[in-house]
1. For the pair A:Asp113 and B:Arg74, what calculated FRET efficiency results from E = 1/(1 + (r/R0)^6), where r is the Cβ-Cβ distance and R0 = 51 Å, to the nearest 0.05?
2. Can you tell which of A:Ile145, A:Leu202, A:Ala173 lies farthest toward the positive end of the dipole of chain A, using +1 and -1 charges on the Cβ of basic and acidic side chains (Lys, Arg; Asp, Glu)?
3. Please work out the Cα convex hull volume for the range A:122-175 and give it in Å³ per residue.
4. What is the percent of Cα-Cα separations in the range B:109-210 that go past 23 Å?
5. Is there a pair in A:Lys172/B:Lys144; A:Lys144/B:Lys172; A:Lys193/B:Lys129; B:Lys46/B:Lys172; A:Lys129/B:Lys193; A:Lys144/B:Lys193 whose C-alpha atoms are over 32 Å apart, and which pairs would that be?
6. Mind putting a number on the dipole of chain A about its Cα centre? Charges go on the C-beta only, +1 for Lys and Arg and -1 for Asp and Glu, and I need it in Debye to the nearest 20.
7. Taking the inverse of the average 1/r across all pairs of different Cα atoms in chain A, what Kirkwood radius in Å do you get?
8. Probe radius 1.4 Å, ligands and nucleic acids ignored: give me the carbon and sulfur share of the accessible area of the protein assembly as shown as a rounded percent.
2 protein chains.
Amino acid sequence: MLIAIPLFDRFTALDAVGPYEVLSRLPGAEVVFCGTDARPYRTETKALAITADRMLADIDRCDVLVVPGGYGTRESVHDDVLVGWIGRMHHTTTWTTSVCTGSLLLGAAGLLDGLEATTHWAYYEELAKYGARPTSRRVVEEGKIVTAAGVSAGIDMALTLAARIAGDEVAKAIQLGIEYDPQPPFDAGAPDKANPETLSLLRQLVTQAR
Amino acid sequence: MLIAIPLFDRFTALDAVGPYEVLSRLPGAEVVFCGTDARPYRTETKALAITADRMLADIDRCDVLVVPGGYGTRESVHDDVLVGWIGRMHHTTTWTTSVCTGSLLLGAAGLLDGLEATTHWAYYEELAKYGARPTSRRVVEEGKIVTAAGVSAGIDMALTLAARIAGDEVAKAIQLGIEYDPQPPFDAGAPDKANPETLSLLRQLVTQAR
């Protein structure tokens, strides 16, 4: 079972690594990080680089496609090589998935037209431009297309997918293996739980990061 | 604020990337991935490589130390260069932290003697060998030393730490930024929630992975 995770400049690391950590533990899983070039790709902070071991051009099929998001999607949705590859891969997959603004890339490849889908909560309008019907659900399944909400939602998406692929019991074993018994110190992880001050502070942090 | 995350062969990616994704969003944060050598380090699956941009020898202080775990700790607890560096860094830090079996490395550096600490649930006995008092709490604070449970617990640890460093409101804004509103499809992330079949399945998966 080949699981392909394409990288691009200024991707968000956890979008890719959350699903990797879950799906790589499936029986028979082979994960490949790939990119337009075979080289390290840096996140938006520039502090972290993950190696794309294979070129997109050298991968002509995969069973599971996991497309991460990140600020870099602003440019990568216009990258014909990447977007074209995603469209071609989709014809070969059993599951086509995205995390966070990775769904904008699925949208750019024409895969979400008329479908319910999700993305980071700040990008619903952007997602709608591709003909998708944005929802705030954390994991959205539409046939073989599964989209996840922002960043950390990739872990929940991947566990959902692990259950579909290998059954509930294997998914639970993986959850136990990564000790995913979340206990966030605050209940502030969704916009309907945040107060205006939190949103304003986040805007300041994001402006720094960009 | 310099945040150092040392890598070693066969580390677990999410142990490092969970805290990175939270702490890199702190105002003034500079994250550096480092290693005995400046080169890419591969996880236990060999499918993922993160680049160590700097050599340990070139880093003589940091404000926050985040030590990830992974199967590679079996060897790295005997790596005098890495363990010695962790011990020296601890004298310079405001916070010394670990995720998963990263606490075994803190233990090997002599930092946990007599202290409460945690690790992946399967490694409590191993942790006790270093004089620590293992507990099953997800995030354990002992002065400036903060240890987290297995793999995904690094996200909860880092949010706890973000609040200590920059206040609750900033931590909540980061949580919202990474949309950390966890909704695992199962409630199976801790050993006291798992049935014997799940444990047995996990053992099979782990045997494959090693």
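1. 0.55
2. So the residue furthest toward the plus end is A:Leu202.
3. Dividing the Cα hull volume of the range A:122-175 by its residues yields 74 Å³.
4. 40
5. A:Lys172/B:Lys144; A:Lys144/B:Lys172; A:Lys193/B:Lys129; B:Lys46/B:Lys172; A:Lys129/B:Lys193
6. Using Cβ point charges on Lys, Arg, Asp and Glu, chain A gives about 260 debye.
7. 17.2
8. Here it works out to 49 percent.
The values are calculated or read from the model by the stated rules, or taken from the named source; none is laboratory data. Predicted, not measured: the structure shown is a model, and the values here were computed from it. Note that each Cβ is placed from the backbone with ideal geometry, even for glycine, and that neighbours are counted across all protein chains shown. The accessibility values were calculated without ligands, DNA or RNA, using every heavy atom of the protein model including side chains. Shrake-Rupley method; radii C 1.70, N 1.55, O 1.52, S 1.80 Å.
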